[in-house]
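**Student:** Can you keep this structure in mind? I'll have questions shortly.
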Amino acid sequence: MSTDSYPAPRPTPAPPTGTEPRTHSAQSSRAVMPAAGRTPVAAPAAGFLGFVLAVILIALGIVALHDAVIAAGWLTGPLWIDAAIDWIDGLSFSFWMIPAGIAALLVGLWMVICALKPPRKTAIEVAARSAVWIDPVDLARAASHVAERVPGVLSAHSVATRRKMIITAEVTEASNTSIRTAIETAVRDVLAVPAQTPKITVRTRTGGR
């Protein structure tokens, strides 16, 4: 009786010292998070000033083009720039110049402040690993919806900014402080979403009449 012979299995070489097979947890810990997004901000006030200055420059360009055409002899008429210079040259001191100078100074300071002032943030940052923002109006709607689910609340209206929230609720009994406390507790759970919790103010009044 004959038997088949099989070669002995070769031993698996040991991994180099200091190396270990990768696991799922090691790969997930090295996951690259998305870059932080831009903060939602309002349009800068300097944008309006830029529009005004652009209109003024266009008007000055029209005046210069008008005088250039007349000086070239293509049209006839008075030169606007010369007329303005003659008017300024013939001016003498008047009382209206003092308030006009003060007004011009204040406008200039206001323009400088608008140009240097950082844009205003329009949304509230959410406590998340990625860049998530919520509008204060949407946060106020969520707070009103939660407040209306509190027993004893007939209706609720909320107004929110980035730093505070005011909740006005119509309840069955305004003197019942437990309803106000329950509203504040329920709304505070909603406000745990933002990275910085706004200040909560709850106002109650008897409704249903």
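**Student:** Could you go through the range 150-165 in sequence order and give the Karplus-derived ³J(HN,Hα) for each residue, using 6.51 cos²θ - 1.76 cosθ + 1.60 with θ = phi - 60°, rounded to whole Hz, and x for Gly and Pro?
**Tutor:** 6, x, x, 9, 8, 7, 8, 9, 10, 10, 10, 10, 6, 10, 8, 9
**Student:** Let me ask something else about it. Tell me which residues come under 5 Å, amide H to amide H, from V202 once H is placed; ignore anything under 5 positions away on its chain.
**Tutor:** The list, which skips near neighbours in sequence, is I167.
**Student:** To continue, here is another question. Give me the net charge of R120's neighbourhood, meaning all other residues with Cβ under 13 Å from the Cβ of R120; Lys, Arg count +1, Asp, Glu -1.
**Tutor:** Numbers: positive: K117, K121, R162, R163; negative: none.
Once all neighbours under 13 Å are counted, the net charge is +4.
**Student:** On to the next question. What is the percent of Cα-Cα separations in the range 124-206 that go past 20 Å? Please list the in-between numbers first.
**Tutor:** Numbers: 974 of 3403 pairs.
Result for the distance tail: 29 percent.
**Student:** If I stretch the segment between T76 and I134 completely, what's the gain in nm (0.36 nm per residue apart, minus their alpha carbon distance), one decimal?
**Tutor:** Details: separation 58, 0.36 × 58 = 20.88 nm, distance 6.21 nm.
Full-extension gain reported as 14.7 nm.
**Student:** Just need the relative contact order of the range 91-209 here, percent rounded to a whole number, with Cα pairs under 8 Å and 6+ apart. Present the calculation step by step, with values, prior to reporting the outcome.
**Tutor:** Values: 167 pairs, mean separation 27.2, N = 119.
So the answer I get is 23 percent.
**Student:** Another one. Can you grab the distance from the C-alpha centre of the range 42-108 to the C-alpha centre of the range 138-209, Å, no decimals?
**Tutor:** Measuring centre to centre over Cα atoms gives 55 Å.
**Student:** Give the Kirkwood hydrodynamic radius (Å, one decimal) of the range 45-116, defined as one over the mean of 1/r across all pairs of different Cα atoms. Mind showing how you got there, number by number?
**Tutor:** Working: mean 1/r = 0.0665 Å⁻¹.
Over the range 45-116, the inverse of the mean reciprocal pair distance is 15.0 Å.
**Student:** Can you check what the net charge comes to around R163, using other residues whose Cβ is under 13 Å from the Cβ of R163 (Lys, Arg +1; Asp, Glu -1)?
**Tutor:** +4
**Student:** Tell me which lysines have Cα within less than 20 Å of K199's Cα, excluding those fewer than 8 residues away on the same chain?
**Tutor:** Candidates past the 8-residue exclusion: K121, K164.
**Student:** Quote the FRET efficiency, to the nearest 0.05, computed for V107 versus E173 with a Förster distance R0 of 41 Å and r equal to the Cβ-Cβ distance.
**Tutor:** Numbers: r = 55 Å, r/R0 = 1.34.
With a Förster radius of 41 Å, E is 0.15.
Computed from the coordinates by the stated procedures, all read-outs in this text should not be read as laboratory data. Just so we're clear, the structure is a prediction, and the values are computed from it rather than from any experiment. We place every Cβ from the backbone using ideal geometry, glycine too, and count neighbours over all the protein chains shown.
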